[in-house]
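Here the structure is laid out as structure tokens; the discussion comes afterwards.
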Amino acid sequence: MKLIPASQIVQSIADALQFISYYHPTDFVQALKSAWQQETGPAAKNALLQLLINSKMSALGHRPVCQDTGVAHVYFRIGMDTRIVADDGGPTPTPQQLADEGTRIAYTLPTNPLRASMIKDPLGKRQDTGDNTPAIVHIEMVPGDTFGLTVVAKGGGGDVKARYTMLNARDNVADWIVEQLPGMGAGWCPPGILGIGVGGSPEQAMALAKKSLFTPIDIASLRNLSSLTPEQALRLEIYDRVNALGIGAQGLGGLQTVLDVKVLTAPCHAALQPVAMIPNCAATRYISFELDGKQPAEFNPPSLDTWSGIPDTMPTNDGLRVDLDSLTKEKVAQWKVGDRLLLNGTLLTGRDAAHFRLCQMLEKGEPLPVDLRNKALFYVGPVDPIEGEAVGPAGPTTSARMDKFMPVLLEKTGLLLTVGKAERGPVAIDAIRKHGTPYLVTVGGAAYLVSKAIKSARLVAFEDLGMEAIYEFKVKDMPVTVGIDAQGQTIYRVFKH
């Protein structure tokens, strides 16, 4: 029987989570580069370039590609002829305990701290656990003495767009998938990979959809096959039809919305066809490996040739320079959808929890801790900084979550601009049009690149909210695109609300 020391499992999980926080899989970078080279739409091409530069910067700087450093998932594939053993001869730890300890070590590493996003008591205080535990654990028992793991950091932007349905036995799966995409918006940060699970029970279909994501991109190779399995044929059909929708990178329009489509199936009841879909975003992060009991896993960095042809930084003349400290409604009214801007000056931050608290204070007639009049507000929850940084990776969060707060904040505070990612719903768009307050978008999945534009950060309110506190950033040449102009015209024309 093969013995696997618990300490080797813990160390391997911790090292894997650190590794994938700053290294994209090579096949993903190659697919992203191909999409960038072929793209003809200016806004989408610019977004793809930002994603590639961010990927290169993260690989070189060993800092996260995205501020949402993900929920840790650990897939155990345990041979029946292996056994986990405690190093000190004590009780054998469970896979959940091993995954939690590896996650705790990885997410609190001083040289590259990762953002803790897991909360406990979801129906109560929703307090952050502080170290991103617990991990999500999946266990598969297999014959033999193999001991394999797949370690994943799955961001919330993709999971929040998960879809499930129960189709009739002969309904067309591709039709349902393609129908869902426009309503999913761009909060999952395309281009990415779609995972499809078909069959099994409802919960099994969802698990299959997620598991399917963690294999290399190989969609192009299917076109060279002389015959296709039903799963392969479905992959190609969905890939072609989704990309034909024109949603494009970050929802800005373009040729490539998905880089691959993955499908896993399982037997199911004769009268049923469970179907689940989960996207993987532009911060695709996973690695698979096996342990032999002799030493922890070793991970080899990808060659820097992976990013050949990608510049080190964005062009400094790619956009109109804007002074955030001297803006007026008259000035912002001149911007048009699709205009690229470079923001300079004061940028406040605020996410869900801060918005909720601000609106509570306004309802009670209490003074706000920060003056929002003629200010810009960035929807972000950054990674903690390390030495030499004003702030850690600081990409945008999904803006639609703040839509319900927009009418009150725009009317009662004089807020002038909002900055985030993806589309806004009708409530927010109506408020933007009514008050003449444009909405600007940054690239989801380009967090390290964005953070380099932030020259200082000062806490100004709600310290107890952690990464959701309100900060004052001073930014220099932060790249954004006008997503919705002061007249309410939106770049996200393809979405249904």
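The values are calculated or read from the model by the stated rules, or taken from the named source; none is laboratory data. Everything numeric in this text was worked out from a predicted model, so none of it was measured. Positions of Cβ are generated from backbone atoms using ideal geometry, with glycine treated the same way; all protein chains shown enter the neighbour counts.
Rundown of residues vs (1) under 25 Å from Pro113 (Cβ atoms); (2) out of contact with any Cys (no Cβ under 9 Å at 6 or more places or on another chain); (3) among the aromatic types (Phe, Trp, Tyr); (4) crowded, with 23+ Cβ neighbours inside 10 Å, yes/no style:
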{"site": "Asp352", "(1), (2), (3), (4)": "yes, yes, no, no"}
{"site": "Leu368", "(1), (2), (3), (4)": "no, yes, no, no"}
{"site": "Leu372", "(1), (2), (3), (4)": "no, yes, no, no"}
{"site": "Lys375", "(1), (2), (3), (4)": "no, yes, no, no"}
{"site": "Phe378", "(1), (2), (3), (4)": "yes, yes, yes, yes"}
{"site": "Pro382", "(1), (2), (3), (4)": "yes, yes, no, yes"}
{"site": "Ala400", "(1), (2), (3), (4)": "no, yes, no, no"}
{"site": "Leu410", "(1), (2), (3), (4)": "no, yes, no, no"}
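Counted as qualifying within region 384-497 are the helices (runs of 4 or more DSSP H) with 3 or more residues that are within 19 Å of the chain's Cα centre (by Cα), namely 447-451. The C-beta contact set for region 389-409 (first residue within 17 Å of Leu362 (Cα to Cα), second residue surrounded by fewer than 21 Cβ atoms within 10 Å (Cβ to Cβ) and of a type in the set (S, T, N, Q), distance under 6 angstrom, 6+ apart or interchain) is empty.
Across region 179-191, the number of residues qualifying as surrounded by fewer than 24 Cβ atoms within 10 Å (Cβ to Cβ) and either in contact with a strand residue (DSSP E or B) (Cβ under 7 Å, 6 or more places away or on another chain) or in the same structural domain as Ser399 (by TED's automatic domain parsing) (or both) comes to 1. Going through (1) farther than 27 Å from Val419 by Cβ; (2) within 22 Å of the chain's Cα centre (by Cα); (3) not hydroxyl-bearing (Ser, Thr, Tyr) one by one, Leu181 falls short only on (1). For Leu459, the criteria (1) crowded, with 21+ Cβ neighbours inside 10 Å; (2) among the hydrophobic types (A, V, I, L, M, F, W, C); (3) over 29 Å from Leu49 (Cα atoms) hold in every case but one, which is (1). Considering region 5-61, the residues that are more than 18 Å from the chain's Cα centre (by Cα) and not in a helix (DSSP H, G or I) include one that is surrounded by the fewest Cβ atoms within 10 Å (Cβ to Cβ), namely Thr40. Here Leu342 passes the criteria (1) crowded, with 17+ Cβ neighbours inside 10 Å; (2) part of a loop (DSSP other than H, G, I, E, B) except the one numbered (2). Of everything listed in (1) assigned to a loop (DSSP other than H, G, I, E, B); (2) surrounded by fewer than 16 Cβ atoms within 10 Å (Cβ to Cβ); (3) at pLDDT 95 or above, the single unmet condition for Pro296 is (2).
Taking region 209-290 and the strands (runs of 3 or more DSSP E) fully enclosed by it, the elements with 1 or more residues that are over 20 Å from the mean Cα position of the chain (by Cα) and either closer than 30 Å to Ile9 by Cα or without any contact (Cβ under 8 Å) to a residue 12 or more places away in the chain (or both) are at 258-266, 286-290.
Given the criteria more than 26 Å from Leu208 (Cβ to Cβ), in the same structural domain as Arg104 (by TED's automatic domain parsing) and in contact with a strand residue (DSSP E or B) (Cβ under 6 Å, 6 or more places away or on another chain), does Arg77 qualify? Against the criterion (more than 26 Å from Leu208 (Cβ to Cβ), in the same structural domain as Arg104 (by TED's automatic domain parsing) and in contact with a strand residue (DSSP E or B) (Cβ under 6 Å, 6 or more places away or on another chain)), Arg77 does not qualify.
Against the test of being buried (at least 16 other Cβ atoms within 10 Å of the Cβ) and either at pLDDT 95 or above or in contact with a Cys (Cβ under 8 Å, 6 or more places away or on another chain) (or both), the options Leu236, Leu252, Leu228 yield a single qualifying residue, Leu236.
When region 1-36 is filtered for residues that are acidic (Asp, Glu) and farther than 22 Å from Cys281 by Cβ, only Asp15 remains.
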